[in-house]
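The values are calculated or read from the model by the stated rules, or taken from the named source; none is laboratory data. Since this is a predicted model, take the numbers as computed values, not measurements. Ideal geometry is used to build each Cβ from the backbone, glycine not excepted, and the neighbour counts take in all protein chains shown.
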């Protein structure tokens, strides 16, 4: 168990530089919005979802519309439902208690890295190790940004904002298997680009992913029938 | 905007996010009665990641697209996530510091 946690932790270390930077940026924004460190820490611990945290902090203004902020944040996090559903096989034979605990630490990064290695017969502790790595680094990043933000120079100059995108691109490449996949990838990308322009919130992510997955089912069923 | 407002938001988003995280996993067994759900779920990682990143890469501009293709090429050739990721970050950093093109 310890070994698997450590393995998951180490596998997520390369991306943690970027996670730290994003956390630092959030910390800096929080100071300008008058959010206390305790409130930021509560967000880190109990929400633990970077994009939703950015959105909440960004939408805090006077007068405040609480319900719109809550629904917008949950809309962004709707993808966690799909992420959870995709982990079903991985959590087979795991107790409900462990499921309830480990799922809180699932992030885009730790999930993507785990899914890219699913053929390696890893356990749920690998996923937990990855989640803990991101959790700790994210917390330290926000802490640094909050208290030492003025000392951090522009992270974009170092291309660190691209690290997430590059990591996910590499992971998608590793998932590529057949020519059908290429059709699905291009179709999903096209739908995402179009819907991102049309839909004013981040639900385009869910709609595009579902569209791509439906096409995947259709194409796979057709090739099975042939 | 009071401290109470912020705590209310944190409370409800935290409950909602946790429910989404756990319900996806717990309900996936119930979803199994639907035909082809296994094939559908198998495709979710790739389609979700594509939907998440492609619009952001395009927003970065030509250098984002170039770095994206570089990532794919290096990953395809070397199978190293770390190498492909760091190469792309390096290219973007060079460009933003006026050392590329």
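Key figures for this structure:
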read-out: Condition check for residue A:147: assigned to a helix (DSSP H, G or I), surrounded by fewer than 14 Cβ atoms within 10 Å (Cβ to Cβ) and in contact (Cβ under 8 Å) with a residue 12 or more places away in the chain; value: yes
read-out: Output for the stretch B:2-19, where each listed residue is surrounded by fewer than 21 Cβ atoms within 10 Å (Cβ to Cβ) and part of a helix (DSSP H, G or I); value: B:3, B:4, B:5, B:7, B:8, B:11, B:12, B:14, B:15, B:16, B:18, B:19
read-out: Any hit, the stretch A:42-59, residues being assigned to a loop (DSSP other than H, G, I, E, B), at pLDDT 85 or above, surrounded by 20 or more Cβ atoms within 10 Å (Cβ to Cβ) and on the phi > 0 side of the Ramachandran plot; value: yes
read-out: Breaking point among (1) without any contact (Cβ under 8 Å) to a residue 12 or more places away in the chain; (2) away from chain B (no Cβ under 11 Å), for residue A:130; value: (1)
read-out: Within the stretch A:91-125, tally of residues that are in a loop (DSSP other than H, G, I, E, B) and either farther than 22 Å from residue A:13 by Cβ or facing another protein chain (nearest Cβ under 8 Å) (or both); value: 6
read-out: Any chance residue B:70 is over 30 Å from residue A:200 (Cβ atoms) and in a helix (DSSP H, G or I); value: yes
read-out: Within the stretch B:76-88, considering residues that are under 19 Å from residue A:18 (Cα atoms) and free of Cβ contacts under 8 Å to residues at least 12 places away in the same chain, the one surrounded by the most Cβ atoms within 10 Å (Cβ to Cβ); value: B:81
read-out: Qualifying residue in the stretch A:71-90 (condition: part of a loop (DSSP other than H, G, I, E, B) and on the phi > 0 side of the Ramachandran plot); value: no
